[in-house]
Amino acid sequence: MEDIIRLMYMNREDAAKELNISSTSLKRLCRMNNTNCWPARKIIAINNKIKKLEEAALRNVGPTGLLAIKEKMDKLKLEMAQLYASVMKSIQDNQKHNNDGAGPSGSKQKQMTIQIMKNI
């Protein structure tokens, strides 16, 4: 499933091709891990919003405008990190359920979100 997380920015068909499986198999695998919809559209939308804000920051908007842009970008980056963390949590919860092992706690998910935020 870690390979799937790496490909979440792609549409489902392209991600399935990259994994050498059918789109239907990828959808089934996601449903088995409590990820009901493929998140690519949401990820692409967030990335596009971030790019537009970066372009706006390059224009002369003044210090107040830059502060507002930074706050919006931080919110979008947090939203993306939470999206990735929720998918990772679903996968780990499913593995815990299948293996009867210990899964991540709430603080573990928060740590995953923070780690993802650092990488964005």
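The values are calculated or read from the model by the stated rules, or taken from the named source; none is laboratory data. Keep in mind that this is a model prediction, so the values were computed, not measured. Cβ coordinates were reconstructed from backbone atoms using ideal geometry, including for glycine residues, and neighbour counts include every protein chain displayed.
List of remarks:
- Complete set of residues in region 2-18 that are among the aliphatic types (A, V, I, L, M) and either farther than 20 Å from Met88 by Cβ or buried (at least 16 other Cβ atoms within 10 Å of the Cβ) (or both): Ile4, Leu7, Met8, Met10, Ala15, Ala16
- Selection within region 59-86 - at pLDDT below 85 and crowded, with 19+ Cβ neighbours inside 10 Å: none
- Test: residue in region 88-102 that is over 18 Å from Met32 (Cα atoms), touching a helix residue (DSSP H, G or I) at 6+ places or on another chain (Cβ under 9 Å) and modelled with pLDDT under 90: yes
- Of the helices (runs of 4 or more DSSP H) lying entirely inside region 1-104, those containing at least 2 residues that are of a type in the set (Lys, Arg) are 12-19, 23-32, 40-58, 62-99.
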